């Protein structure tokens, strides 16, 4: 069966966020992760993953690339975003379709692109990488790469959940200094009253989290 490169399976998106990379960014969470290679050689989902609700590839919604580009462009006009972030789920398990979207983001909208992936950079550069990975990497400015290892949980960086993960700079569109300066946590309130936590709230005290949520509700 021919792979559909015109649609993506997505979990959700935020039009403007300041936690998932430098500056104001449109954040797209992809739906589906069937596992990534672990240090012991096994391929599985990462125990303790903050986004385990994005694993099931049968959930989420199907969205066309054109509709996603339209939403990103709308946020660019309204919020003056500086870039786009792909997270998940596992973005590289939809690499072929995402590579077309990434090209639009970089060439047509002139925005930077950051991707969070459970794969290591070395694996993505190998012949074992998911189909379309090389094309997606070509349009990517930076990666936060590597499986989340609960045994190596760390708060040494606001973007790295465990000590084995690494920041990989692929172009001059995003600098390491910008990435390291990303804020740790934010909360967003949608029209239905649902609060979305992004970043690493587990590294904050309950009092700090509730203070941020309370500030949000007062707006």
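The values are calculated or read from the model by the stated rules, or taken from the named source; none is laboratory data. It should be emphasised that the depicted structure is a prediction, and the values quoted were computed from it without experimental measurement. Reconstructed Cβ throughout: ideal geometry from the backbone, glycine too, with neighbour counts over all protein chains shown.
Tell me which residues, restricted to the stretch 133-149, are more than 18 Å from residue 49 (Cβ to Cβ), part of a loop (DSSP other than H, G, I, E, B) and either in contact (Cβ under 8 Å) with a residue 60 or more places away in the chain or within 14 Å of the chain's Cα centre (by Cα) (or both). Spell out how you get there, then give the answer.
Filtering the stretch 133-149 for residues more than 18 Å from residue 49 (Cβ to Cβ) gives 133-142.
The next check asks that each one be part of a loop (DSSP other than H, G, I, E, B); those that pass are 139-141.
Once the filter is applied, which keeps residues that are more than 18 Å from residue 49 (Cβ to Cβ), part of a loop (DSSP other than H, G, I, E, B) and either in contact (Cβ under 8 Å) with a residue 60 or more places away in the chain or within 14 Å of the chain's Cα centre (by Cα) (or both), the stretch 133-149 yields 140, 141.
Going by what's in this entry, would residue 28 be described as in a strand (DSSP E or B) and within 13 Å of the chain's Cα centre (by Cα)? Walk me through how you get there before you give the answer.
Numbers: in a strand (DSSP E or B): yes; within 13 Å of the chain's Cα centre (by Cα): yes.
It is true that residue 28 is in a strand (DSSP E or B) and within 13 Å of the chain's Cα centre (by Cα).
Residues satisfying the criterion are absent from the stretch 122-131 (criterion: at pLDDT 95 or above, in contact with a strand residue (DSSP E or B) (Cβ under 6 Å, 6 or more places away or on another chain) and surrounded by fewer than 16 Cβ atoms within 10 Å (Cβ to Cβ)). For the stretch 51-62, give me each residue that is surrounded by fewer than 16 Cβ atoms within 10 Å (Cβ to Cβ) and outside any helix (DSSP H, G or I). Correct list: 56, 58, 59, 61, 62. Could you please let me know if residue 78 is part of a loop (DSSP other than H, G, I, E, B), exposed (fewer than 14 other Cβ atoms within 10 Å of the Cβ), touching a strand residue (DSSP E or B) at 6+ places or on another chain (Cβ under 8 Å) and in contact (Cβ under 8 Å) with a residue 12 or more places away in the chain? Against the criterion (part of a loop (DSSP other than H, G, I, E, B), exposed (fewer than 14 other Cβ atoms within 10 Å of the Cβ), touching a strand residue (DSSP E or B) at 6+ places or on another chain (Cβ under 8 Å) and in contact (Cβ under 8 Å) with a residue 12 or more places away in the chain), residue 78 does not qualify.
Here the stretch 150-166 is the region considered, the condition is being without any contact (Cβ under 8 Å) to a residue 40 or more places away in the chain, in contact with a strand residue (DSSP E or B) (Cβ under 6 Å, 6 or more places away or on another chain) and not in a loop (DSSP other than H, G, I, E, B), and the residue that is surrounded by the fewest Cβ atoms within 10 Å (Cβ to Cβ) is 152. Candidates are the residues of the stretch 1-25 that are in a strand (DSSP E or B) and in contact with a helix residue (DSSP H, G or I) (Cβ under 6 Å, 6 or more places away or on another chain); the one that is farthest from residue 106 (Cα to Cα) is 11.
Check the stretch 84-94 and report whether any residue there is on the phi < 0 side of the Ramachandran plot and surrounded by fewer than 20 Cβ atoms within 10 Å (Cβ to Cβ). Checking the stretch 84-94: not a single residue is on the phi < 0 side of the Ramachandran plot and surrounded by fewer than 20 Cβ atoms within 10 Å (Cβ to Cβ).
Select, from 44, 106, the only residue that is surrounded by 17 or more Cβ atoms within 10 Å (Cβ to Cβ) and either in contact (Cβ under 8 Å) with a residue 24 or more places away in the chain or assigned by TED's automatic domain parsing to the domain that holds residue 175 (or both). Write out each step before concluding.
Working: 44 fails: surrounded by 17 or more Cβ atoms within 10 Å (Cβ to Cβ).
That would be 106, the only listed residue that is surrounded by 17 or more Cβ atoms within 10 Å (Cβ to Cβ) and either in contact (Cβ under 8 Å) with a residue 24 or more places away in the chain or assigned by TED's automatic domain parsing to the domain that holds residue 175 (or both).
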